[in-house]
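Everything on this sheet refers to the single structure shown next.
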Amino acid sequence: MIRTFLIVVSLLLIFSKTTHGTEGHRKVAFIVVHHSDTLSGNVEVFRKYHVNVRGWSDIGYHFVITNGTGVDGEIQRGRPIDKMGAHAKGRNRGSVGICLVGKTRFTEKQMDKLVLLITEMCQKYDIIPSEKTVQRHHEHCPGETLDLSIIIEKVKKALKKS
Ligand SMILES: [Zn+2]
C-alpha cells in the first residue's frame with residue numbers, strides 16, 4: 001500500500017516537473033501554413049468557432065493573417081505561441097500554425113506579412129527555412145494557388161539582410 005503510494009507520488013513529481021519545465025519553453029522546429037477556406041474571418045471568428053463548435057480550449061492557430069475583408073494583412077495572435085496548437089493532426093507538437101484568411105486568393109499584403117512572420121519565427125527559434133521546416137498543411141491547404149517555395153526563398157533573403 002505504502003509502496004504504491006510512493007510510486008504514485010514519485011510519478012506525479014516527475015510528471016509535474018516535466019510539464020513545468022517545458023512551459024514557456026516549447027521547442028518549435030517547423031511552421032505549418034494554412035488557409036481558412038472562408039472569404040472573410042479573423043482571430044475572434046475562428047476562436048469562437050474552435051471553442052464553441054469544436055469544443056477546444058482556444059483557437060487552434062497561433063497566428064491569423066487577415067485579408068481585405070477586414071484590415072488587409074494584419075498579423076493577429078491566436079493561441080499563445082508557448083502552447084501547443086491544434087491545427088495539423090500529428091504535427092502540432094513542435095510547430096507553429098499560421099492561418100491565411102481566404103479561399104482561393106490571397107492579397108499581396110498577406111503574402112508580405114507571411115514572409116515577415118515566418119522570418120520572425122525562424123529568428124526566434126533558430127529555424128533554417130526549407131521545404132521541411134516551412135510546410136503546407138496538405139495538398140489543398142493553404143489553397144492550390146499558393147506556392148510556398150516562393151515564400152521560403154523570400155524568407156531566406158530576409159534572413160540574409162538582417
Ligand atoms: Zn489547414
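Neighbours of Arg54 by Cβ distance under 14 Å: Lys/Arg scored +1, Asp/Glu scored -1, total +3. A straight Cα-to-Cα reach below 18 Å connects Lys103 with the lysines Lys113, residues fewer than 8 places away in its own chain not being considered.
Span-like helix check, the chain: qualifying full DSSP H segments, with Cα axial length of 15 Å or more and mean Kyte-Doolittle of 0.0 or more, are 2-22, 148-161. Put in line by how crowded their Cβ is, counting other Cβ atoms within 10 Å and starting with the fewest, Asp112, Asp147 read Asp147, Asp112. Residues Leu100, Leu117, ranked from the fewest to the most other C-beta atoms within 10 Å, line up as Leu117, Leu100. A helix-only calculation puts the chain at -12000 deg cm²/dmol for mean residue ellipticity at 222 nm, using -39500 (n - 2.57) for each DSSP H run of at least four residues, averaged over all residues. Remark: the stretch 51-162 carries a charge dipole of roughly 240 debye about the Cα centre, counting +1 on each Lys and Arg Cβ and -1 on each Asp and Glu Cβ. Say a site is exposed when it is one of the GluC sites (Glu not before Pro), sits in a DSSP loop, and has at most 16 other Cβ atoms within 10 Å; what is then the longest site-free stretch of the chain? Formally, the longest exposed-site-free interval is 75-130.
Shown is the FRET efficiency for His140 and Lys27, computed with R0 = 35 Å from the Cβ-Cβ distance and rounded to the nearest 0.05: 0.75.
Within the chain, DSSP assigns beta bridges of which about 30% are antiparallel (rounded to the nearest 5). Extension gain for the segment Lys124 to Lys83, taken as residue separation times 0.36 nm less the Cα-Cα distance, is 13.2 nm to one decimal. Working from Cα pairs under 8 Å separated by at least six residues, relative contact order for the chain is 27 percent. Normalising by the residue count of the stretch 55-147, find the relative contact order in percent from Cα pairs under 8 Å and 6+ residues apart. Relative contact order for the stretch 55-147 comes out at 26 percent.
Residues Thr66, Thr104, Thr119 in ascending order of nearby Cβ atoms (within 10 Å, fewest first): Thr104, Thr119, Thr66.
In square nanometres and to one decimal, what's the mean projected area of the convex hull around the Cα atoms of the chain?
That works out to 11.4 nm², a quarter of the Cα hull's surface.
We did not get these values from a lab; they are worked out from the coordinates using the rules stated. Not measured: the values here are computed from a predicted model. Here Cβ is always computed from backbone atoms with ideal geometry, including for glycine, and neighbour counts include all displayed protein chains.
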